[in-house]
Amino acid sequence: MDTRLQKLIDAHHSIVFFGGAGVSCESGIPDFRSTDGLYHQTWRHPPEEILSHRFFEEQPEEFFRFYREKMLYPAAKPNAAHRALARWEQAGRLRAVVTQNIDGLHQAAGSKNVLELHGSVHRNHCTRCGAFYALDRILCTDGVPRCTCGGIIKPDVVLYEEALDGATMDTALQAIRAADLLIVGGTSLNVYPAAGLLRFFAGDTLVVINKTPTPADRSADLVIQDAIGEVLRDL
């Protein structure tokens, strides 16, 4: 247990957690930018291109081949970090989880107030009629998933060239602005506009937990370079 972090948690009552791909790594979901991450793997097209709105529209077959193979991990389970955050919320100390992840593991662990900046693989809608489909619809089909009306079913995840949901961003901004302790974990803070939310933090204590340095380290009150599940496990 990191006693420094425990003391900070005990001293605050309006905590917000801002997390990224590193939070889910210990659940077996690879991140994007580490040495073994998604962006360092070889495909016919770069992942940034495949995961773009234009590519989705122009080459949906290839998009869904990549999406099913590299973006969906239905067997993944919440890890120690997810469970710790859920405990803090249930105890009334954690006000919100602001996440860049799309895997739904925070909710699976029991967290209720989860703000998903980049959407969720568990929500899918027909591009023609708007009908809703759960993740199972994508998993149990091959090729391009189709609605009963014939339209393409699109995952509610934010692709490159798409804007983040304004209402979710506003709610996340307000949560961060109202926090007295902001814990940033499992994120390189290189993805914008999500990472830009940190500039709205007006509380007294900033903690950064990440295996590699981040741009926020120099202004943080506590920096822990370790796997976030290991850090939060016993807190």
* Structure fact -> Output for the chain (equivalent-ellipsoid semi-axes, sqrt of 5λ from the C-alpha gyration tensor, Å, descending) is 32, 18, 16
* When the Karplus curve 6.51 cos²θ - 1.76 cosθ + 1.60 is applied with θ = phi - 60°, which whole-Hz ³J(HN,Hα) does each residue of the range 75-85 get, with x for Gly and Pro? -> 8, 5, 10, x, 9, 4, 5, 4, 5, 5, 4
* Asked: Stretch Val191-His13 to full length: gain in nm at 0.36 nm per residue minus the Cα-Cα span?
  -> 61.3 nm
* Go through the range 7-17 residue by residue and turn each phi into a ³J(HN,Hα) via Karplus (6.51, -1.76, 1.60, θ = phi - 60°); whole Hz please, and just put x for glycine and proline. => 4, 5, 4, 5, 8, 10, 10, 9, 9, 10, 10
* Could you pull out every residue, at least 5 positions away or on a different chain, whose amide H is within less than 5 Å of the one on Ile209? Hs are placed 1.01 Å off N in the peptide plane, and Pro or chain starts have none. => Val184, Gly185, Gly186, Ile224
* **Rh (Kirkwood; distinct C-alpha pairs) - the range 177-235, Å** => 11.8 Å
* Could you please report the charge total around Arg233, scoring K, R as +1 and D, E as -1 over all other residues with beta-carbon less than 14 angstrom from its beta-carbon? => -3
* Asked: Accessible area per residue of the chain at 1.4 Å probe, in Å²?
  -> 47 Å²
* Asked: From a point 7 Å beyond the Cα of Met1 in the direction of its Cβ, which residues of the range 91-107 have a backbone N at a distance under 19 Å?
  -> 91-94
* Structure fact -> D (µm²/s, integer) via Stokes-Einstein for the range 6-144, Kirkwood Rh across alpha-carbon pairs, 4 °C, 1.567 mPa s: value 78 µm²/s
* Counting each DSSP H run of 4 or more residues in the chain as -39500 (n - 2.57), what helix-only mean residue ellipticity at 222 nm follows after dividing by all residues, to the nearest 500 deg cm²/dmol? -> -7500 deg cm²/dmol
* Asked: In terms of modelled amide H atoms, which long-range or inter-chain residues lie less than 5 Å from the amide H of His125?
  -> Tyr133, Lys154, Asp156
* Pairwise centroid distance, computed over Cα atoms, of the range 175-235 with the range 70-134, Å -> 19 Å
* Structure fact -> The percentage of the accessible area of the chain (probe 1.4 Å, all protein chains present) made up of carbon and sulfur atoms, to the nearest whole number, is 50 percent
* To do: Just add up the charged neighbours of Leu206: K/R +1, D/E -1, any other residue whose Cβ is under 14 Å from the Cβ of Leu206.
  => 0
* To do: Express as a percent, rounded to the nearest 5, the fraction of DSSP beta bridges in the range 113-230 (both residues included) that run antiparallel.
  => 50 percent
* Structure fact -> The answer for Ser14, listing residues at least 5 apart or on another chain whose modeled amide H is closer than 5 Å to its amide H, is Asp180, Leu181
* Asked: At Lys112 and Glu161, where each label point lies 7 Å from the Cα along Cα→Cβ, what is the point-to-point distance in nanometres?
  -> 4.0 nm
* Asked: How much length is gained on full extension from Thr212 to Thr127, taking 0.36 nm per residue of separation minus their Cα-Cα distance?
  -> 26.7 nm
* To do: Return the single residue from Leu182, Leu139, Leu198 with maximal mean-square fluctuation; model: Gaussian network over the chain, springs between Cα atoms under 10 Å.
  => Leu139
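Taking 30 Å as R0, compute the FRET efficiency from the Cβ-Cβ separation of Val144 and Tyr73 and round it to 0.05.
On the way: r = 21 Å, r/R0 = 0.70.
So, using R0 = 30 Å, E works out to roughly 0.90.
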* **Net charge dipole size for the chain [Lys, Arg +1 and Asp, Glu -1 on Cβ; Debye, nearest 20]** => 400 debye
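The values are calculated or read from the model by the stated rules, or taken from the named source; none is laboratory data. The shown structure was predicted, so the numbers you read here are calculated from the model rather than taken from an experiment. Positions of Cβ are backbone-derived with ideal geometry, glycine not excepted, and every protein chain shown enters the neighbour counts. Each accessible area value is taken on the protein alone, full model and side chains, heavy atoms only, with ligands, DNA and RNA left out. Shrake-Rupley method; radii C 1.70, N 1.55, O 1.52, S 1.80 Å.
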